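Heads up: the structure comes next, in structure tokens.
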Amino acid sequence: MMVHPFGGNFIYISWLAIQRLTVTYRGKSAHAAAAPWDGRNALDAAVACYNNMSLLRQQMKPTCRIHAIISKGGVKPNIIPDETKLEIYIRAPNQTELILLQQRVEHCIVGAGKATGCETNFVYEPKGYASVNHNRTMGGLYQKYAEEQGINFIEPLEKLPGGSTDMGNVSQVVPSIHPTFYIGIDAQIHTVAFRDHAAGDEAQTYTIKAAKSMAFSTIDLLSQPQLMAAVKEEFTRSTQVVPVE
């Protein structure tokens, strides 16, 4: 059981499965003015890869996401870059869709290398995150105790992606929930405004209410065997997604 500060109170946000990878292109350096024809531009490969993925987005489902940055782009403008790197995140609502999207992204990566005559290498991080399998019995408990403290929930929001978390892997092994809680500011997470507000007293008030809601839910689960049995039964029925390796 874990909660996450957010721009609103939600029980069942769609936390996405994710795979992260690093792409490296290697070309050949040359003087960009005196002899550019002697080089193979690894930055062109990185830019082409980025653009390929941008084109792919038109054919992606609205519940999937690709994000990328060029983390290494060259040394000086007058030197044809001989090595560049991209960091890429691929997200989807479940493992099946994630694998399919990975394959399409890999085509974008390889195609860019071929087009520019550069050597291509990509490496996935050892562990990805699975999507979160929400246990609705547990979610109902959390919502009950949060509402008793004056928290209002906005539902449904299951189709809107909320990011990715290793809680997804946990939720494929044991019954889990990962609600979000409002901290008093209408701002998106991972912004400066949200960060600054999260450090203030108002945010701590909401955080304590979320923590109490988890604590009260846990007491019920530990003290009521029939409730715990219902949680486990629901989990057994719902675990159909294989955790990300």
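A few points about this structure:
- Checking each residue in the range 152-176 for being at pLDDT 95 or above and touching a helix residue (DSSP H, G or I) at 6+ places or on another chain (Cβ under 7 Å) picks out 175, 176.
- Residue that is nearest to residue 98 (Cα to Cα) [pool: residues in the range 8-29 that are surrounded by 18 or more Cβ atoms within 10 Å (Cβ to Cβ) and among the small types (Gly, Ala, Ser)]: 17
- In the range 213-240, residue modelled with the highest pLDDT [restricted to those that are surrounded by 12 or more Cβ atoms within 10 Å (Cβ to Cβ), polar (S, T, N, Q) and under 17 Å from residue 133 (Cα atoms)]: 238
- Selection of the range 31-65 for residues being in a loop (DSSP other than H, G, I, E, B) and open to solvent by 50 Å² or more (accessible area, probe 1.4 Å) yields 33, 34, 61, 62.
- Contact annotation: no residue pair with Cβ atoms under 7 Å, 6 or more positions apart or on different chains, pairs a residue in the range 14-30 that is without any contact (Cβ under 8 Å) to a residue 12 or more places away in the chain with a partner that is surrounded by fewer than 18 Cβ atoms within 10 Å (Cβ to Cβ) and part of a strand (DSSP E or B).
- Number of residues in the range 1-23 that are assigned to a strand (DSSP E or B) and closer than 21 Å to residue 172 by Cβ: the value is 7.
- From 106, 87, 97, residue being surrounded by fewer than 22 Cβ atoms within 10 Å (Cβ to Cβ) and in a strand (DSSP E or B): 87
The values are calculated or read from the model by the stated rules, or taken from the named source; none is laboratory data. Computed from a prediction, not measured in an experiment: that's the story for all the values here. Glycine also receives a Cβ, built like all others from the backbone with ideal geometry; neighbour counts cover every protein chain displayed. For accessibility, only protein heavy atoms count, side chains too; no ligands or nucleic acids. Shrake-Rupley method; radii C 1.70, N 1.55, O 1.52, S 1.80 Å.
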